[in-house]
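Notes follow the structure.
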Amino acid sequence: MLAATALLLSGCVTAPSGPPPLSPEQARVRILERLPANVSDRQGWAADFQTAFTTQDIALNDSNLCAALAVTEQESTYQADPPVPGLARIARQEIDRRAARLHIPAALIDAALGLRSPDGKTYAARLAAARTEKQLSAIFDDFTSMVPLGQTLFGRFNPVHTGGPMQVSIAFAEEHANNYPYAVDGSIRREVFSRRGGLYFGIAHLLGYPVDYPEPLYRFADFNAGWYASRNAAFQNAVSRLTGIELALDGDLILRDSLDPGATERAVRSLAPRLGLSNAALYNQLKKGDGPEFAETRVYARVFELAEQTAGKQLPRAILPGITLQSPKITRKLTTAWFAQRVNERYLRCMRRT
């Protein structure tokens, strides 16, 4: 009877859901334990990491922390605004390319760059001295706002698309700035180039969406290729196996800038009778590919069901996207898989660090 009573009472006790959240001070201590010893201003880095995790309600466990540290180390080696080799040359090539497209004479470009900017230096001198994306972005902002030819060449387009210690997309930051915890210094674009802003938006991009990947490797690929790219590439792989149509496993399920269907959509359309879906329904479900809901759609479930029947085995639900990286900053052939694997190596080293 005593044993039964004890068992009954034990059944009424609610098991703890997990360890209590860390205080800000405890969180910073944990971050300092994982930061490489040679990082300068380690206290400042720890504070900005802690704020990014806490204000976004992202669990500051060892795996998440090491994931964020690994991306930061890969992208900038812990520099808030890392220098880019040959940046001035890259920027001038972009200006000349756009001028040629608009049939603007080179002499006119040289004259515009010879004008003095708000800091008293000519745009040409500032451009020649630019070493970081923050400096280059500021030059283009001044150039387009102060020089009439700058509006003709670039309008409101700034060719600097990423920045900060995690090289996060500026467009992503601008779309996810509603709960930004700091007073904005002029613009979200400028915040991205700061340590605090770059870490906040970088961690949001890396960890701020739900996935059930078997390992962080696929989050690292998504960080480079876009949310859910690894899941979508696995879906494309299943479609390809089922249809015999070779597809680029890039994670892009539809063409958003075209009225014509892309290769993946066309391949899925060929399965429409077996899927029991119209072309319009297929499109509406494929359109959910940039969010978690796609994994709940009929097209996702049926494609994997049919493909696994054909293959006679279970197919992966995440694979590394087959994307070759394209950027003026990249001088050798690199891929999303290369990026993800390099970050994963850093992640594993961090997890082993005591």
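The values are calculated or read from the model by the stated rules, or taken from the named source; none is laboratory data. Here the structure is a predicted model, which is why all the values come from computation and not from measurement. Note that each Cβ is placed from the backbone with ideal geometry, even for glycine, and that neighbours are counted across all protein chains shown.
Run Y213 past the list (1) modelled with pLDDT of 95 or more; (2) closer than 30 Å to T132 by Cβ and report the number of the one that doesn't hold.
(2)
This table checks each residue for (1) modelled with pLDDT of 95 or more; (2) among the hydroxyl-bearing types (S, T, Y); (3) crowded, with 19+ Cβ neighbours inside 10 Å.
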residue	(1), (2), (3)
Q285	yes, no, yes
K288	yes, no, no
A307	yes, no, yes
K329	no, no, no
R342	yes, no, no
R353	no, no, no
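Residues are listed down the side, and each one gets a yes or a no for (1) under 30 Å from G114 (Cβ atoms); (2) in contact (Cβ under 8 Å) with a residue 40 or more places away in the chain:
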{"position": "A47", "(1), (2)": "no, no"}
{"position": "T51", "(1), (2)": "no, yes"}
{"position": "T55", "(1), (2)": "no, yes"}
{"position": "N61", "(1), (2)": "no, no"}
{"position": "E73", "(1), (2)": "no, yes"}
{"position": "R89", "(1), (2)": "yes, no"}
{"position": "I95", "(1), (2)": "yes, yes"}
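Taking the condition touching a strand residue (DSSP E or B) at 6+ places or on another chain (Cβ under 7 Å) and among the hydroxyl-bearing types (S, T, Y), does T54 pass?
no
Pairs please, first residue from segment 115-140 and closer than 26 Å to R195 by Cα, second anywhere and buried (at least 19 other Cβ atoms within 10 Å of the Cβ) and of a type in the set (K, R), Cβ atoms under 8 Å, 6+ apart in sequence or on different chains.
Here the result reads D119/R126; Q135/R126; S137/R189; I139/R126, each pair linking segment 115-140 to a residue that is buried (at least 19 other Cβ atoms within 10 Å of the Cβ) and of a type in the set (K, R).
Going by the structure shown, is N237 over 29 Å from K134 (Cα atoms) and modelled with pLDDT of 95 or more?
The answer is yes for N237.
For Y200, state whether it is modelled with pLDDT of 95 or more and part of a helix (DSSP H, G or I).
It is true that Y200 is modelled with pLDDT of 95 or more and part of a helix (DSSP H, G or I).
What's the number of the only condition in (1) surrounded by 15 or more Cβ atoms within 10 Å (Cβ to Cβ); (2) over 24 Å from S137 (Cβ atoms) that A68 fails to meet?
A68 satisfies every listed condition except (2).
Among the candidates I104, I95, single out the residue that is closer than 19 Å to A130 by Cβ, out of contact with any Gly (no Cβ under 9 Å at 6 or more places or on another chain), surrounded by 14 or more Cβ atoms within 10 Å (Cβ to Cβ) and not assigned by TED's automatic domain parsing to the domain that holds M351.
Within the list I104, I95, the selection yields I95.
Residues of segment 60-77 being assigned to a loop (DSSP other than H, G, I, E, B) and either out of contact with any Leu (no Cβ under 8 Å at 6 or more places or on another chain) or outside the structural domain of Y200 (by TED's automatic domain parsing) (or both), which ones?
N61, T77
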